[in-house]
Amino acid sequence: MSELVVLGFDTADKADAILNRLVQLEKEYLVDLEDAVVAVRDSSGKVRLKQSINLTAAGAASGGVSGALWGSLVGLLFLNPLAGMVLGGAFGAGSGALAGSITDYGIDDDLIKRLAEAIPANSSALFLLVRKAQPEKVLEAFKGEHAKVLRSSLSPEQEERLRQALAAEPLVPSAPPSSNV
């Protein structure tokens, strides 16, 4: 089961930076993100949402490929596979884009909009839907980021560990002892 975590940051660009670090951790198999959304409120109060998965583009791409394939096959029946491929690809891309735009995936859009309206101006929020994670290693990577946990589906103990890790100062490696020989 996936866990929802919403973190608030004092600056507008911090949520993007944290998401980029999470993507790196995902490449190291330390966290598995199902969905992620960055909400940024600018100085005028306008909220921008940045989805990590663009369903419209993904639907258009897959629809275009399948439409071109089916169009070619139908075009073969009428002895014009090239025209069938072009028309089928265009029709498939259009229908795939439409299907992608009306598909809701991951974090509920109403929750994102409601919480994004509550963040102050010149700040950001990061909405995460996490499938799996190595908590100790992920928390260590984000120690001292000074984020506020706005909402989560974690257990109270897990949420408190997250709050403590985000508030704690990062570990600074101590200098090696000098040898005066």
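Some notes on this structure:
- Sequence of LYS148, LYS132 when ordered by accessible area, the most exposed leading, probe 1.4 angstrom: LYS132, LYS148
- Interatomic Cα distance distribution for segment 111-167, bins of 10 angstrom, percent: 20, 53, 26, 2
- Efficiency of FRET between SER43 and MET1 - r from beta-carbon atoms, R0 25 angstrom, step 0.05: 0.05
- Distant-in-sequence amide H partners of ASP35 (H built 1.01 Å from N, under 5 Å): LEU129
- A Förster radius of 35 Å, combined with the Cβ-Cβ distance separating ASN122 from ALA167, puts the computed FRET efficiency at roughly 0.95.
- Extension gain, GLN158 back to GLN134 (0.36 nm per residue minus Cα-Cα distance, nm): 7.4 nm
- Residue-count net charge about GLN158 - beta-carbon cut-off 14 Å; Lys, Arg +1, Asp, Glu -1: -1
- Ranked order, ASP110, ASP42 - accessible area, probe 1.4 Å, largest first: ASP110, ASP42
- In sequence order, segment 122-137 has phi-based couplings of 6, 9, 9, 9, 10, 9, 10, 10, 9, 6, 9, 7, 9, x, 4, 6 Hz under the Karplus curve 6.51 cos²θ - 1.76 cosθ + 1.60, θ = phi - 60°, and Gly or Pro positions carry x.
- Under 5 Å from the amide H of ARG151 lie the amide H atoms of VAL6, each residue being 5 or more positions distant or on a separate chain, with H modelled from the backbone and absent for Pro and chain starts.
- When every Cα-Cα distance of segment 1-56 is counted in 5 angstrom steps from zero, the calculated P(r) takes the values 4, 16, 24, 26, 18, 8, 3, 1 percent.
The values are calculated or read from the model by the stated rules, or taken from the named source; none is laboratory data. The structure presented is a predicted model; accordingly, all values stated were derived computationally and were not measured. No Cβ is skipped: glycine too gets one built from the backbone with ideal geometry, and neighbour counts run over all protein chains shown. For accessibility, only protein heavy atoms count, side chains too; no ligands or nucleic acids. Shrake-Rupley method; radii C 1.70, N 1.55, O 1.52, S 1.80 Å.
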